[in-house]
Amino acid sequence: MGNFPRKYRMSLLPEQTNNKNPIDLYSEIVDDLPGLICFGNRLGGYFNKQWRDYTGAIAGEHGAADWLEALHPDDRERLAAQWRQAIVALSSFAGEARLRERSGAYRWFMLAFNARQDGKALEPSWYLTATDIHPQML
């Protein structure tokens, strides 16, 4: 639970989750968030509903680097290098890039990326959020 004070932590009881698998519950929560979000590790990635709706990505299994396909070709190499470096260093970065809409048009987004190593996990995991900044870039 990170550094969140214990008095504010909330645990979900089975009756509150309708006995759902925790992974399914987590995916539902991420799908309900308003931003474009993806996360993953070496084994694969997950795109939330907003990411899928915006980019046209289909639900299901994705490779860890599939999010890069939504980037403008001129931004892809730079962001891919930053992404790889952040995973190795278990660090964060933020950067501007153009994401392709389902229609094929591109809009500017601020991408915020964080890589971390959970003490129990063998592989580092990563999280990415994308915030539309297109109006500010014009």
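Miscellaneous remarks
- Between the residues L79, F109, T129, the greatest Cα displacement towards the positive end of the dipole of the range 20-137, with unit charges on the Cβ of Lys, Arg, Asp and Glu, is found for L79.
- In Hz, Karplus ³J(HN,Hα) per residue of the range 27-39 (6.51, -1.76, 1.60; θ = phi - 60°; x = Gly, Pro): 4, 4, 5, 5, 5, 7, 6, x, x, 7, 9, 9, 8
- Cα-based shape type of the range 20-137, given that a ≥ b ≥ c are square roots of the gyration tensor eigenvalues and the cut on a/c is 1.5: oblate
- Largest first, the extents of the alpha carbon coordinates of the range 50-110 on the three principal axes equal 34, 25, 17 Å.
- Length available on full extension from A94 to R116: 0.36 nm per residue minus the Cα-Cα distance, which gives 6.4 nm.
Throughout, read-outs are computed from the coordinates displayed, never taken from laboratory work. Only a predicted model underlies this, so the values are computations on that prediction, with no experimental measurement involved. Glycine gets a Cβ as well: all are built from the backbone with ideal geometry, and neighbour counts include every protein chain shown.
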